[in-house]
Amino acid sequence: MVEQKIRSGQDLRQDGIRAAADRIPLLLYFSQQFCGYCERLEEEVLLPMMISGHYADRIILRKLSIDPGEEVTGFDGRKLDNRMLFHEYDGIVTPTLVLTDDTGQPLTKPLAGINTVEYFGWYLDSAIDTATRAMRSPDR
């Protein structure tokens, strides 16, 4: 069996270009090592979403670890520390999910933490629908 993994964020500028072209939101998933809630979210929600194939043309999902030394190329093309980006989105707990447009502007309220996995998928789907409508709005 092939191991499924969530792709790490490397270059959000490039991801933003694709998001603009496809008119789909980016889903930034902030996590950290030794976060049991992050592992649960991945195993029970995010990986099944990826495996289903139903989200391939709806979102661009990127995992951003906020552990020390983790960096990403930001939407403006400059390198930045993942933890700094996390704080720019007002992150306080992991996991935190942020749906953004192609420039990194949030399209919905962040989904922070996880208590009941059974309902989380519904909240995430609702947020994805809202973000997608924003990306496809004629005002853009």
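The values are calculated or read from the model by the stated rules, or taken from the named source; none is laboratory data. All figures in this text were calculated on a predicted structure; none of them were measured in a lab. Every residue, glycine as well, gets a Cβ built from its backbone with ideal geometry; the counts of neighbours run over all protein chains shown. Just so you know, the surface numbers come from the protein's heavy atoms only, side chains and all, with ligands and any DNA or RNA stripped out. Shrake-Rupley method; radii C 1.70, N 1.55, O 1.52, S 1.80 Å.
A few comments on the model shown:
- Relative contact order [Cα under 8 Å, 6+ residues apart], region 79-140, whole percent: 27 percent
- Cα-based shape type of region 70-140, given that a ≥ b ≥ c are square roots of the gyration tensor eigenvalues and the cut on a/c is 1.5: oblate
- Under conditions of 10 °C and 1.306 mPa s, region 1-93 yields 114 µm² s⁻¹ as its translational diffusion coefficient, taking Rh as the Kirkwood radius over Cα pairs in the Stokes-Einstein equation.
- Top positive-direction residue, dipole computed over region 10-140 with Cβ charges, set Val72, Gln33, Ala19: Ala19
- Surface per residue (accessible, 1.4 Å probe) for the chain, Å²: 58 Å²
- Treating r as the C-beta distance of Thr130 and Gln4 and R0 as 22 Å, the FRET efficiency rounds to 0.25.
- Under 5 Å from the amide H of Thr108 lie the amide H atoms of Leu99, each residue being 5 or more positions distant or on a separate chain, with H modelled from the backbone and absent for Pro and chain starts.
- Full-stretch length increase - Gln33, Asp57 - with 0.36 nm per residue and alpha-carbon distance subtracted: 5.8 nm
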